[in-house]
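Since every read-out is calculated from the coordinates, none of them should be taken as a lab result. Keep in mind that this is a model prediction, so the values were computed, not measured. Cβ atoms come from the backbone with ideal geometry, glycine included; neighbour counts cover every protein chain shown.
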Amino acid sequence: MRKQIAAANWKMNLTMEQGIELVENILSENIQLKDDQEVIFAIPFPYLLAVKDPIKTSRNYFIAAQNCYFQKSGAYTGEVSAEMLSSVGANYVIIGHSERREYFNENHQMLSAKINLCLENNLKPIFCCGEPLSIREANEQNSFVENQLKESLFHLSAEHLKGFVIAYEPIWAIGTGKTASSAQAQEMHAHIRNVMANKYNSEVADSISILYGGSVKANNAAEIFGEKDVDGGLVGGAALNAAEFITIIKSLK
Ligand code: PEP
């Protein structure tokens, strides 16, 4: 069974105190996750250790970094390596969020290098893909996303991709309040699974958790997550509110 995941992406929000309070409020709901369900907090680097502590006794709760550098180590002032993240106990790393692609000019080569470094350091990448509005309007989203997968993932072995996590995040839906319809999400998720089945095999494709991201809220999560190929969500704004995120977690299949 592939994993069903509710992942919170805090982006550059919250002080450490606010972040810990948020996590504690969510944990106080005592949600008993099923074996195949996970909750991930993708938090700012300085809070990784602090948030690791309150979640350590809660089964299937994990922490993620929101990025790592594409070089192994060296004179890159201000950057954080995959090895460093692994050494502080991070479990996952978001790779290729559209905000990083856009504002920090991250290209396919950098993203595939980051993924390799994550895997070498026992970190699980959450690989983000998704099209801008102009591509959706031209109805070219399928080939656009396929190319993102090809450029950053296709060098990996089938073994590496078993149980991998991909987040489909249409850029026009991120932080805009516009959500893809559940039918649009299902269509793209099925396409992504199909692309992976064609390149690898159906066993690999069926093991990949494909999360939807883009204005997921408490009031739309159940419908979107209910789609056959949607295995949960990567959630920005709504994950900053305990009550919203609790409902989102409870909406997992
Ligand atoms: C995101 O940050 O990945 C995201 C999907 O944000 P939001 O839920 O706010 O659209």
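Listing for the model above:
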| quantity | calculated |
| --- | --- |
| Neighbour-limited loop hits for GluC sites (Glu not before Pro), region 1-104 (at most 14 other Cβ within 10 Å; DSSP other than H, G, I, E, B) | Glu29, Glu79 |
| Set of aspartates and glutamates near Lys253 by C-alpha distance (under 15 Å), chain-local residues within fewer than 8 positions excluded | Asp35, Asp36, Glu38, Glu223, Glu227, Asp229, Asp231 |
| Within the chain: Cβ-based charge dipole about Cα centre, in debye rounded to nearest 20 (Lys, Arg +1; Asp, Glu -1) | 240 |
| Charge tally in the Cβ shell below 13 Å around Phe127, where Lys, Arg are +1 and Asp, Glu are -1, Phe127 excluded | +2 |
| Cβ-based net charge around Glu24, under 12 Å, with every Lys or Arg adding one and every Asp or Glu removing one | -4 |
| Positive minus negative residues near Asn142 (Lys, Arg vs Asp, Glu; Cβ under 11 Å) | -3 |
| Selection of trypsin sites (Lys or Arg not before Pro), region 21-66, meeting DSSP coil and at most 14 other Cβ within 10 Å | Lys34, Lys56, Arg59 |
| Ranked list, fewest to most other Cβ atoms within 10 Å of each Cβ, for His189, His97, His108 | His108, His189, His97 |
| Set Lys34/Lys114; Lys114/Lys217; Lys162/Lys199; Lys72/Lys114; Lys3/Lys150; Lys52/Lys250 screened for pairs whose C-alpha atoms are more than 20 Å apart | Lys34/Lys114; Lys114/Lys217; Lys3/Lys150; Lys52/Lys250 |
| Whole-Hz ³J(HN,Hα) from phi, Karplus 6.51 cos²θ - 1.76 cosθ + 1.60, for region 104-118, glycine and proline x | 10, 6, 7, 10, 4, 5, 4, 5, 5, 5, 5, 4, 4, 5, 4 |
